[in-house]
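Data first, discussion second: the structure below is written as structure tokens.
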Amino acid sequence: MEKVKFSYILKLMVIGFILMIAAATTINRVISAMSTISMPDLTGIKLDRAQKIAARMKIDLKVEDTINSPIYESGAVIAQDIQARAEIKKGRTVYVVVSKGSRLVLIPDVTNIPRADAIVLIKNAGLLEGFDTIISSPVIKDTNVISQSPDPGQEVPAGIRINLLRSSGPRVREYMMPRLTGRDTFEVFSILKSIGLHIETLSAGDSSTAASGTIISQSPLAGYMVDEKTPISLTASINENDARLKKRIINISYTSQTVTPQLIRINVLSLKGSESVYNEVVQPGDPVNVTAVVRGQAVVQIYGGTELIKEMEFPN
């Protein structure tokens with residue numbers, strides 16, 4: 001009887017101990033749950049409001065640094081050292097970085113320079129490229145900036161975008177290529193020159209049926225659309241027995257009118273064919289004097305870089 005009673009008492013003690021441990025665990029969990037919170041997202045919130053939120057949630061909020069930011073306004077929280085929604089204990093110290101706003105920079109003047117150079121100046125000033133709008137202009141060179149927005153000289157926050165309006169050069173006029181075969185070469189020169197087109201190459205070909213200087217083939221063919229940049233090539237007939245086509249020497253003189261050094265190229269076109277007789281960099285004001293051997297009437301084309309700047313005729 002004594003043994004049964006002892007066994008019963010022992011069971012009651014074990015059950016009581018287990019219940020006590022379970023209760024303690026539950027209490028600890030409740031206490032722990034009551035002492036932890038989910039970290040709020042403070043980014044983008046003004047510091048004074050963030051401090052009020054932190055105080056209400058028993059968070060010790062401290063400013064670790066203040067930096068410039070083109071995205072967040074002055075006084076707003078940029079970053080926090082504990083990720084939003086992370087479980088933390090009340091009283092935990094959380095460090096934040098606060099914005100000083102964008103630093104002010106001066107907008108450079110990028111008008112009347114090529115777009116590529118303008119972009120370099122814009123980025124070096126701490127600004128960004130904005131919209132790029134293109135219009136034709138008879139006075140502003142191709143790719144050069146006509147105007148910008150905002151205007152130059154203003155102090156603005158770093159990181160804003162600068163919009164550019166740039167030139168595509170003069171409006172390109174297109175023409176339908178006329179039929180040139182059967183016409184005199186230098187009559188063709190005059191026709192094309194009057195509408196802004198220029199012959200790039202002229203070659204001579206034997207022909208027993210066409211008079212010397214008559215166009216016997218052309219490229220592009222008649223009917224094709226061309227503009228001032230289209231390369232035009234012609235072949236003219238030549239009769240070796242034609243006394244008018246004896247070789248002769250012409251003298252070509254040109255003085256550079258630029259204020260900077262310029263690549264000068266001189267092409268000569270005659271019934272001898274076309275050839276480049278000069279291709280060198282020339283200093284401002286320096287004269288160029290060259291000679292060329294031609295047959296019959298000749299046309300001299302002078303290029304500054306890739307632009308035709310002068311055309312001279314040498315009658316037979």
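A few remarks follow.
- Helical content alone sets the calculated 222 nm signal of the chain at -6500 deg cm²/dmol, taking -39,500 (n - 2.57) per DSSP H segment of four or more residues and averaging over every residue.
- Per the Debye calculation on the range 246-316 with a single equal scatterer at every Cα and no solvent contribution, log₁₀ I(q)/I(0) for q = 0.15, 0.22, 0.24 Å⁻¹ amounts to -0.46, -0.89, -1.02.
- Principal axis extents of the C-alpha atoms in the chain (largest first, rounded to whole Å): 153, 53, 31.
- Theoretical FRET efficiency, 1/(1+(r/R0)^6), r = Cβ-Cβ of residue 233 and residue 141, R0 25 Å, to 0.05: 0.35
- Base-10 log of normalised Debye intensity for the range 34-101 (one unit scatterer per alpha-carbon) at q = 0.17, 0.22, 0.28 Å⁻¹: -0.53, -0.84, -1.24
- Two-decimal log10 I(q)/I(0) for the range 174-244, as the Debye equation yields it once each C-alpha is a single scatterer, q = 0.12, 0.21, 0.23, 0.27 Å⁻¹: -0.30, -0.83, -0.96, -1.24
- The H on the amide N of residue 256, modeled in the peptide plane, is under 5 Å from the matching H of 285, 286, 288, each at least 5 residues off or on a different chain.
- Loop chymotrypsin sites (Phe, Trp or Tyr not before Pro), the range 208-316 (other Cβ atoms within 10 Å of the site Cβ: 13 or fewer; DSSP): 224
- Crossing angle, helix 2-35 versus the chain [Cα axis fit, 0-90 degrees, rounded to tens]: 40
- Annotation for residue 109 and residue 211: the two label points, set 7 Å from Cα along the Cα-Cβ direction, are 6.0 nm apart.
- With the simple spin-label model, which puts each label point 7 Å out from Cα in the Cβ direction, the residue 265 to residue 172 separation comes to 1.8 nm.
No lab work stands behind these numbers, since they all come straight from the coordinates. None of the values given here were measured: they were computed from a predicted structure. For neighbour counting, all protein chains shown are included, and Cβ atoms are generated from backbone atoms with ideal geometry for every residue, glycine included.
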